[in-house]
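J.: Please read through the structure below; I'll follow up with questions.
The values are calculated or read from the model by the stated rules, or taken from the named source; none is laboratory data. Fair warning: this is a prediction, and the values are worked out from it, not measured in the lab. Glycine gets a Cβ as well: all are built from the backbone with ideal geometry, and neighbour counts include every protein chain shown. Side chains included, ligands, DNA and RNA excluded: accessible areas come from the protein's heavy atoms. Shrake-Rupley method; radii C 1.70, N 1.55, O 1.52, S 1.80 Å.
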Amino acid sequence: MSIFFATPNGLVPSSGRSAWINASIYDPSQGLSGVRGGILISDGRIEAIGAEVHSENLGSDVEVRDLGGAVLIPGLIDMRCHISEPGGESRETIASASRAAAAGGITSVVMMPDTDPAMDDVALIDLALRTSRETAITRILPSAATTRNFGGREMTEYGLMQAAGAVMLSQAGTTIMDAGVVRRSMTYAADFDMLYGHVSHDPHLAGGGVMNESVLSTRLGLPGMPREAELLPLERDLRLARLSKVRYHAEKISTEMSESAVARAKDEGLAVSAGVTINHLLLTEDDIGEYRTFFKLAPPLRSDEDRIALLSAVKSGTIDVICSAHNPQGVDRKRLPFEEATDGAIGLETLLAAGLELVHSDQLSLDDLVRAMANRPAKLLKLESGRLAPGANADFAVVDPDLKWTVNVGQLQSKSKNTCFEDREFRGRVIETVVGGRTVFSLHGNASAA
Amino acid sequence: MTDLENAHPRASDGPDKRFLHQHLLGIEGLSAPDIELLIERAEAAVELSKTRDRKAAPLHGRTQINLFFEASTRTQASFEIAGKRLGADVLNMAVASSSVKKGETLIDTAMTLNAMHPDILVIRHPSAGAAALLSQKVGCSVVNAGDGAHEHPTQALLDALTIKRHKGKIGGLVVAICGDVLHSRVARSNIILLTKMGAKVRLVGPSTLIPESAQELGVEVFSDMRLGLSGADVVMMLRLQRERMNAAFVPSVREYYRHFGLDDRSMRYAASDALVMHPGPMNRGVEISSDVADGPQSVIEEQVEMGVAVRMAVMQAVLEASDTRSGEPR
């Protein structure tokens with residue numbers, strides 16, 4: 001049987017009633033941790049969930065699928081994904097990204113605004129949503145550029161873009177250096193209760209750094225960037241978040257110092273959240289080895305001490321969200337000397353599998369993963385997905401947690417192949433992904449799909 | 001001698017009813033009875049302005065200098081007409097285009113003018129506190145016609161007079177001041193005056209244009225126009241300066257108008273008999289629609305008319321206080 005992908009249908013939810021039964025259900029937001037039961041869907045939304053959904057109490061009008069004990073979790077919500085449509089369709093399109101997401105159990109993707117032209121205007125938000133209706137099989141949630149063309153000076157029209165469907169603000173990969181602009185844009189965003197995403201990177205302090213500043217960077221002869229280049233703008237932002245009362249999201253932090261700063265802000269009671277990429281939970285600067293550019297990321301991979309601190313921050317909830325930071329780049333930008341190569345790696349399709357590796361090695365629990373990849377993103381973005389609750393969108397993933405597979409770059413759905421996990425053997429794989437009650441991906445072909 | 005004097009309160013109204021301030025630097029520093037007195041006298045001046053033959057000349061022989069460090073056609077004209085209706089000799093100094101450009105400081109200019117013995121100096125200056133500084137250096141009365149983002153007391157008084165003529169009172173009314181409060185001297189003077197007179201003041205605008213800690217001024221702050229206008233008796237719009245529009249404080253005119261512009265749609269949230277006010281000059285289609293600006297609830301033109309009356313009352317009151325003081329032993 002070949003892998004099945006649904007054809008785009010404008011994300012029209014399924015009609016009628018259907019049920020997936022005999023699953024092992026995990027959703028800590030609903031108090032479900034390995035509960036044997038099923039999920040009943042009605043017109044694209046969850047009607048019932050849990051042990052009470054089984055073959056005996058479902059009417060004859062319900063189409064039933066038996067999952068044979070597989071794990072069922074809420075569809076993942078990836079809060080950070082670069083999709084270069086419009087402007088870089090050779091690297092990724094909304095269609096290809098959504099197929100990669102579906103294959104990875106991701107049902108909602110927050111699209112970074114760094115398209116070309118930038119998503120700093122209502123028309124670009126409209127375009128992204130129209131293109132996703134026509135070509136995507138998962139939900140694509142556009143974010144809006146915080147400043148015009150990421151220039152860090154002029155605010156964009158938050159109110160109008162929010163009304164058009166933008167779910168959050170982001171400067172994509174850049175940091176606003178003018179603190180006055182940060183303050184005013186935060187203050188303005190707070191009026192619209194818009195989540196203010198920002199990465200923190202001080203290019204002056206980072207100098208020409210291309211990796212973490214350490215004995216390794218010295219040994220490799222590569223310019224390093226200190227952890228403080230991430231910390232300083234972050235601490236500035238946290239103070240301004242307190243002043244402006246905005247909901248602030250540090251989109252991807254990478255160090256123990258940054259994590260401590262976020263923890264302190266949370267202790268103060270600020271509406272602050274943080275994300276980390278899956279790469280920074282699995283990999284360290286040592287993986288760079290002999291100048292392997294696919295491990296050149298932003299922020300750079302750090303030490304194992306940082307990685308361990310980040311993991312415990314995910315467990316404690318100091319870090320709210322794990323994202324893929326999917327950043328497709330072609331060989332023309334990656335197969336270069338390390339210093340010249342572009343940052344970033346793809347990650348949609350491997351997000352959950354990489355997370356499960358942390359579960360199998362007892363570094364995180366499956367509940368931790370579901371919280372950080374579904375429950376909390378949904379809450380921050382105020383989505384009707386990301387949890388297995390009656391009334392919510394029927395967005396979920398079916399996972400075989402023990403299925404072994406090897407990442408074969410030729411079979412990845414993304415148009416770009418710059419993965420950190422080439423030829424890596426993972427244990428655990430998504431076998432079915434459902435969006436709005438409709439199966440959009442199935443590893444074992446179309447047999448069970450409507 | 002004049003109609004204005006007929007409007008003076010009787011002695012039985014109490015000792016507070018004498019205006020004792022020889023300068024008008026701001027609303028701050030005036031008591032509620034001071035404000036009431038000025039409004040009462042301005043009401044009388046309104047009538048005087050309507051008479052065809054304005055012979056009353058209480059300021060006959062006095063010299064008024066309008067010292068404008070910022071161009072302002074409307075305010076300057078209003079002060080000039082007010083002075084002339086009172087019989088004063090009025091001199092306009094367009095300082096923006098004269099000696100200040102040659103490097104003369106505010107104090108130097110003031111001392112030069114002071115040597116010519118004017119009776120009243122009307123000053124408009126881009127810096128907060130300029131009127132107060134001037135008043136310390138000259139021997140005559142000083143009237144603040146706007147200093148930076150600090151105060152514009154005659155505007156607040158004319159707004160109060162306009163409101164009172166329509167609503168019969170100020171105390172208890174809900175007044176929504178909308179727009180660029182941060183940079184507005186009109187808003188500051190109005191906040192002080194209206195709260196002093198017992199009105200409930202709301203500030204409505206994007207948080208980027210509302211000053212920090214505004215709540216501590218005794219007002220309510222809203223960033224949602226619908227909530228801020230809800231049930232308001234008076235809607236006072238502020239001008240959005242061009243230089244604030246381009247993405248520094250608000251991203252664009254269209255977004256500002258959509259969320260904070262006053263039009264038929266947003267007017268529905270205010271009381272059905274709400275007054276619409278604007279200190280001028282208006283940006284039609286930015287903070288206010290033409291329909292509303294020219295509509296039946298608009299008193300914007302009347303504000304201009306009240307401006308002359310208020311300035312007449314103010315100049316006469318400060319000169320009287322000054323004369324009384326100079327007659328007293330020091």
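J.: Kindly express, to the nearest 10 degrees and within the range 0 to 90, the angle between helix B:73-85's C-alpha long axis and the longest C-alpha principal axis of chain B.
T.: Between helix and principal axis, roughly 40 degrees.
J.: Among A:Leu127, A:Ala102, A:Ala145, whose Cα sits farthest toward the positive end of the charge dipole of the range A:61-156 (+1 at Cβ of Lys/Arg, -1 at Cβ of Asp/Glu, about the Cα centre)?
T.: Among A:Leu127, A:Ala102, A:Ala145, the one farthest towards the positive end of the dipole of the range A:61-156 is A:Ala145.
J.: Next question. About its Cα centre, what dipole magnitude does the range A:91-222 give when the only charges are +1 on Lys and Arg Cβ and -1 on Asp and Glu Cβ, stated in debye to the nearest 20?
T.: 320
J.: Please name which of B:Val310, B:Ser290, B:Ala271 has its Cα lying farthest along the dipole of chain B towards the positive end, using unit charges on Cβ (Lys, Arg +1; Asp, Glu -1) and the Cα centre as origin.
T.: Of the candidates, B:Ser290 comes out farthest on the positive side.
J.: Among the aspartates and glutamates, which have Cα under 19 Å from the Cα of A:Lys379 when same-chain residues fewer than 8 positions away are ignored?
T.: Correct list for A:Lys379: A:Asp27, A:Asp78, A:Asp191, A:Asp193, A:Glu251, A:Asp320, A:Asp367, A:Asp368, A:Asp395.
J.: Please state the relative contact order of chain A as a whole percent: Cα pairs under 8 Å, 6+ residues apart?
T.: Relative contact order of chain A: 21 percent.
J.: Positive end of the charge dipole of the protein assembly as shown (Lys, Arg +1 and Asp, Glu -1 on Cβ, about the Cα centre): tell me which of B:Gly168, B:Leu37, A:Ala51 has its Cα farthest that way.
T.: B:Leu37
J.: Given a Förster radius of 51 Å and the C-beta distance between A:Glu290 and B:Asp291 as r, what FRET efficiency does 1/(1 + (r/R0)^6) yield to the nearest 0.05?
T.: Computed FRET efficiency for A:Glu290 and B:Asp291 comes out at 0.10.
J.: Here is a further query. Tell me: how much accessible area in total is hidden between B and A, 1.4 Å probe, Å², nearest 100?
T.: 1400
J.: Placing +1 at every Lys and Arg Cβ and -1 at every Asp and Glu Cβ, with all other atoms neutral, what dipole size does the range A:13-92 have around its Cα centre, in debye to the nearest 20?
T.: 200
J.: Give me the 1.4 Å probe accessible area per residue for the protein assembly as shown, excluding ligands and nucleic acids, in Å².
T.: Result: 38 Å² per residue.
J.: Considering the Cα positions of chain B, please state its Rg to one decimal place and its Dmax as a whole number of Å.
T.: Considering chain B through its Cα atoms, Rg and Dmax are 19.7, 61 Å.
J.: Heavy atoms only, probe 1.4 Å: what % of the accessible area of the range B:197-330 goes to carbon and sulfur, would you let me know?
T.: Result for the range B:197-330: 46 percent of the exposed heavy-atom area is carbon or sulfur.
J.: Now, a different point. Most fluctuating residue of A:Asp343, A:Asp78, A:Asp402 in a GNM of chain A with Cα springs under 10 Å: which is it?
T.: A:Asp402
J.: Any residues in the range B:222-267 that have 50 Å² or more less accessible area with all protein chains than in their chain alone, probe 1.4 Å, and which are they?
T.: B:Ala247, B:Pro251, B:Arg254, B:Glu255
J.: Another question, then. Between A:Met177 and B:His166, what FRET efficiency follows from the Cβ-Cβ distance if R0 is 60 Å, with the result rounded to 0.05?
T.: Efficiency, from the Cβ-Cβ distance: 0.75.
J.: Mind pulling the angle between the C-alpha long axis of helix A:351-360 and the longest principal axis of chain A? Nearest 10 degrees, somewhere in 0 to 90.
T.: 80
J.: In this model, which of A:Lys315/A:Lys415; A:Lys245/A:Lys415; A:Lys296/A:Lys404; B:Lys137/B:Lys164 are farther than 30 Å apart at the alpha-carbon?
T.: Beyond 30 Å: A:Lys315/A:Lys415; A:Lys245/A:Lys415; B:Lys137/B:Lys164.
J.: Under a crude label model (7 Å from the Cα following the beta-carbon direction), how far is A:Glu52 from B:Asn92 in nanometres?
T.: Result: 8.1 nm between the two label points.
J.: Additional query: What order do A:Ser200, A:Ser60 take when sorted by accessible area (1.4 Å probe), most exposed first?
T.: Largest accessible area first, the list is A:Ser60, A:Ser200.
J.: Rounded to a whole number, what % of the accessible area of chain A do carbon and sulfur atoms account for, probe 1.4 Å?
T.: Roughly 47 percent of what the probe reaches on chain A is carbon or sulfur.
J.: Further question: Can you tell me the order of A:316-325, A:100-109, A:423-432, B:114-123 when each peptide is scored by its average per-residue count of other Cβ atoms within 10 angstrom, highest first?
T.: A:100-109, A:316-325, B:114-123, A:423-432
J.: In debye, nearest 20: dipole of chain B around its Cα centre with unit charges on the Cβ of K, R (+) and D, E (-)?
T.: Using Cβ point charges on Lys, Arg, Asp and Glu, chain B gives about 260 debye.
J.: I need the calculated FRET efficiency for the pair A:Ala123 and B:Gln136, taking r as the beta carbon distance and R₀ as 56 Å, to the nearest 0.05.
T.: 0.50
J.: Under 8 Å for C-alpha pairs, at least 6 residues apart: give me the relative contact order for the range B:259-330, rounded to a whole percent.
T.: 31
J.: How much space per residue, in cubic angstrom, does the convex hull of the C-alpha atoms of the range A:58-172 take up?
T.: 126
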